[in-house]
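Asker: Just dropping this structure here.
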Amino acid sequence: MAGYLDALAAADADRALSLFAPGGIVHSPLYGTLPAQEFYPALFADTSESRLTLRATMTGKRDGRTVVSFWFDFDWTLASGEPAPFTVVDVAELDDEGRITRLHIVYDTAPIRGAFERQRS
């Protein structure tokens, strides 16, 4: 899963999607629940630059399956050029082959929602 943050930082949709199982789903506080194949192109279209700083990685189990969480600072610059940085935890539920089946993105959108909505209007 080390490639996950690299794919995000590079805004590389193909690389991000290669980490997902077929039918993988992303639950995002800004974009809603989307298939991964729709989420990453939308995210990267809204991105002009991003820098990620990993704080910690956590591993556990849910219903016998591996869950990996990434806690990181996401210094996001929107396509409009407006900065929208936040701290986030991405929780990845993995299948038996180590591919992401569901990704839950958890962060407070209040500080960046205005910038995000201005860009999308």
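The values are calculated or read from the model by the stated rules, or taken from the named source; none is laboratory data. This one's a predicted model, so the numbers in the text were calculated from it and none came from an experiment. Using ideal geometry, Cβ is built from the backbone for each residue, glycine included, and neighbour counts are taken over all protein chains shown. These accessible areas exclude ligands, DNA and RNA; they are computed on the full protein's heavy atoms, side chains included. Shrake-Rupley method; radii C 1.70, N 1.55, O 1.52, S 1.80 Å.
Asker: Between THR66 and ALA45, how high is the FRET efficiency from 1/(1 + (r/R0)^6) when r is the Cβ-Cβ distance and R₀ = 30 Å? Nearest 0.05.
Answerer: Details: r = 31 Å, r/R0 = 1.02.
Efficiency at R0 = 30 Å is approximately 0.45.
Asker: Hey, can you find the accessible area per residue of segment 1-67 for me, probe 1.4 Å, expressed in square angstrom?
Answerer: Heavy-atom SASA per residue in segment 1-67 reads 54 Å².
Asker: Assign unit charges at the C-beta atoms only (+1 for Lys and Arg, -1 for Asp and Glu), then state the dipole size of the chain relative to its Cα centre in Debye, rounded to the nearest 20.
Answerer: Values: 11 positive and 17 negative charges, 47 e Å.
Magnitude of the dipole: close to 220 debye.
Asker: Using 0.36 nm times the number of residues separating GLU82 and ASP108, minus their current alpha carbon distance, what extension gain do you get?
Answerer: 7.6 nm
Asker: If the chain between ARG118 and SER18 were fully stretched, how many nm would it gain, using 0.36 nm times the residue separation less the Cα-Cα distance?
Answerer: 32.9 nm
Asker: I would also like to ask the following. Got a sec? Which residues in segment 1-27 would a label at GLU38 touch, if it sits 7 Å along Cα→Cβ and we count backbone N under 12 Å?
Answerer: 25-27
Asker: Quick one: pull the percent of accessible area on segment 71-121 belonging to carbon and sulfur, 1.4 Å probe, ligands and nucleic acids left out.
Answerer: Carbon and sulfur together cover 50 percent of it.
Asker: Read through the labelled values (i) 7.7; (ii) 6.9; (iii) 11.9 and report the label of the one computed as mean projected area of the Cα convex hull in nm² from the structure.
Answerer: Working out mean projected area of the Cα convex hull in nm² from the coordinates points to (ii).
Asker: Here's something else I'd like to know. Note down the net charge around MET58, summing +1 for each Lys or Arg and -1 for each Asp or Glu among other residues with Cβ under 14 Å from its Cβ.
Answerer: Summing Lys and Arg as +1 and Asp and Glu as -1 gives +1.
Asker: For the chain, with the dipole built from +1 on Lys and Arg beta-carbon atoms and -1 on Asp and Glu ones, taken about the Cα centre, which of GLY60, ALA42, PRO83 lies farthest toward the positive end?
Answerer: In the chain, that residue is GLY60.
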